[in-house]
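What follows is a set of notes on a single structure, which appears directly below.
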Amino acid sequence: MRKSLAVLLGLAAVIALVAATAQAGTKRAKAVNVTLAGWSSGPDEDTLLQQVVAKFNATHKSIHATFSVINGDYPTAMTARFAAHNPPDVFYVDSSVAPGWESQGVLQPLNSYIKKGKYDTSKFYPGLLKAFTKGKTVYGFPKDWSPLAMEISNAAIAKVGGKRPTTWAQLQALAQKMADQKAVPGGKPICLSADWARLLPFVLQNRGSLANIQSPAAAQAVNFYVGLVNKGLAQTPDKLGAGWCGEALGKQTAGIIFEGNWLLPYMKSTYPTVKYGVYPMVKQKTGGNLGFTVSYSMAKDSKNKAAAWTLLSWLTSKQGQKLWMSKGLALPSRTDVKAVGGRQAFLAAGPFSQGWGFPNFSTAYSIMNNDLSAVFTGSKSVSQMLADAASALKG
């Protein structure tokens, strides 16, 4: 009887040990949760990103990523999360706010992860990666982007028998032909916004820069841009019965506009019968363009940095970005990933595009745009505007 009791006790101990081992194994196999957040750019993009995240989870069993949309004012919402030390592990960072968030110390430097993981950053367009780099410290990888291109109405250019312009002089000559031959009835040859996000590429094309915004090169570029309006060859969208230049092209009150990749789905859904061509931006002394780009970055306060790095680096890898590009909603930030067809005019800007953003962005951008509107109306001179811009950029 004692022997039977001993056997029973031994069996119980073995069962308990097996159960404990199984439980420990379950704990070890439990996936690390990683949070991913960004703003919504529409249901198509939200659905695609959920599919990309699902693919990541299916191929990374030790990590479970969840994506959530932050509605409303994204920078304000994120600032509150940074202050509470409870941000998402990985999140969108627009190039315009990147310098501020880098300086505030809320973004995790990625250099050590890049070195340890032997992550090849050379496949990113240099100007896009630079938008999320301070000195030699990398704070994020660009997930996608769009530069500006030049879109021209087929009807307007056909009426004057013109060719697509490649220089400022050719652009002005084509616009003059359109004006003379009334190729855009009830409108203007060119739509130009009172917006530095459209003016700055012209400054860069003339070898000007924000760092030396009061230079003769910058002034010459502004005078050319504003001069198109003063010569009657261009007008702002509000004067063309439109909310933005894409709408002016759709309504055929403008023959030439300068917009990004976002124009294509807009025209397809809103003005499907309007025919137009997409061409590279004009050049002057050099090519110059902006990269409207967003990074995936990691929070300095992330509690799961190893897993966050795995997610971030996979999303911006060749494999991850190929999935993200599959529906043509954006352009690849990597040179080894192909874009959906019809985007070559945009991709041509890759080698000479710089990230959209500058110091003291929100305040400076508001001042600069208000001044540009004043220059258009003649209530402020170009030299006054550039002096104000230089002051605003210093903060």
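The values are calculated or read from the model by the stated rules, or taken from the named source; none is laboratory data. Quantities reported herein were computed from a predicted structural model and do not represent experimental measurements. All Cβ positions, even for glycine, are placed from backbone atoms using ideal geometry, and neighbour counts span all protein chains on display. When the accessible area is computed, the model is the full protein with side chains, heavy atoms only, and any ligands, DNA or RNA have been set aside. Shrake-Rupley method; radii C 1.70, N 1.55, O 1.52, S 1.80 Å.
List of remarks:
- Subset tally (residues that are open to solvent by 30 Å² or more (accessible area, probe 1.4 Å), part of a strand (DSSP E or B) and within 23 Å of Val97 (Cβ to Cβ)) for the range 29-54: 1
- Members of the range 208-250 that are touching a Pro at 6+ places or on another chain (Cβ under 8 Å) and not in a loop (DSSP other than H, G, I, E, B): Ala234, Cys245, Glu247, Ala248
- The residues in the range 351-366 that are open to solvent by 60 Å² or more (accessible area, probe 1.4 Å) and not small (Gly, Ala, Ser) can be counted, and the count is 6.
- Put simply, of Ala348, Ala308, Ala339 the only residue that is open to solvent by 10 Å² or more (accessible area, probe 1.4 Å) and touching a strand residue (DSSP E or B) at 6+ places or on another chain (Cβ under 6 Å) is Ala339.
- Residue in the range 372-386 that is among the basic types (Lys, Arg), within 29 Å of Leu192 (Cβ to Cβ) and within 19 Å of the chain's Cα centre (by Cα) present: no
- Exactly one residue out of Val294, Val278, Val274, Val282 is open to solvent by 10 Å² or more (accessible area, probe 1.4 Å), of a type in the set (Val, Ile, Thr), in contact with a Pro (Cβ under 8 Å, 6 or more places away or on another chain) and in contact (Cβ under 8 Å) with a residue 24 or more places away in the chain, and it is Val294.
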